[in-house]
Each structure stands twice: as C-alpha cells, then as structure tokens.
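Q: Quick one: the structure is below, questions incoming.
The values are calculated or read from the model by the stated rules, or taken from the named source; none is laboratory data. This is a predicted model, so every value here is computed, not measured. Note that we place each Cβ from the backbone using ideal geometry, even for glycine, and neighbour counts take in every protein chain shown.
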C-alpha cells in the first residue's frame, strides 16, 4: 500500500506495509502506538509512531490520511467510543484498510487549484502593446 505521506528511511519509497511484532518487547512498543513498517521495495524495517505530530486524522492501523466520516446508525459502538463521541470526537473510516475509528482531529483535505477554473494566472499572461 503506497503511503503519500510516509517514506522508507532507507530508499525513500512510499510502498510500506505494517509488519508484525516479533518479540514481547516489540509488542510492548506496539501497545503504546509505535508500529513496525516494512518497505516493499528494499525490505527495510523501521518503526513509526502513530502519535507523531499531525493535525489531521489518520488511520491507527495503516497510518493513512485517506479517511472519510461514517455514521454509526447500523453499528453498536463500545462504551469508550460513545464517551469519546459525547466529548466531541468524530467517527472515521479508512479508505485504504477499511478500519473504523474515532478521532478528534479533522480529516486531511487536498486543496484543489482554482487557476484552472479562473483562467491563467495574471503573472503568466503576456501583455502585448499593439
């Protein structure tokens, strides 16, 4: 799965997948939110924290920023998720791994360029004096 915001520390590729924990000490790291990821290009294994500074909501499983809001009308939520929703969190679903989660941060929105709708940029137009 190619991550547009994450890259391999060894080769720079964005083709990462979450790796499994190998030992008890690695499982302890994973319990606090630091997960191993493996590069599919070079095989390098690195650790990435889900608590890294980001102001956008991201999936806790695959760390993707491609999330959409969803309604819990057909689902039964746990008590902890209901408490978070009452405190102002939102329900999100990851479009890459389909994980449903609760987060206080807003989703990442890619800005679209308005220059295609308004015509060429004024600085790029050529003025001719005839």
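Q: Return the residues of region 86-105 that are exposed (fewer than 14 other Cβ atoms within 10 Å of the Cβ) and farther than 10 Å from residue 67 by Cβ; say none if nothing qualifies.
A: Within region 86-105, 86, 87, 88, 98, 104 meet the criteria.
Q: Quick one: residue 71 ticks every box in (1) modelled with pLDDT of 80 or more; (2) under 28 Å from residue 27 (Cβ atoms) except a single one, so which number is it?
A: For residue 71, the exception is condition (2).
Q: Output the number of residues of region 46-55 satisfying the condition of being in a strand (DSSP E or B) and surrounded by 14 or more Cβ atoms within 10 Å (Cβ to Cβ).
A: Qualifying residue count, region 46-55: 2.
Q: Here's another thing I want to ask about it. Scan region 56-69 residue by residue and report those that are closer than 12 Å to residue 107 by Cα and either free of Cβ contacts under 8 Å to residues at least 24 places away in the same chain or not in a strand (DSSP E or B) (or both).
A: 57, 58, 59, 64, 65, 66
Q: Out of (1) outside the structural domain of residue 104 (by TED's automatic domain parsing); (2) under 11 Å from residue 19 (Cα atoms); (3) surrounded by fewer than 16 Cβ atoms within 10 Å (Cβ to Cβ), the odd one out for residue 61 is which?
A: (1)
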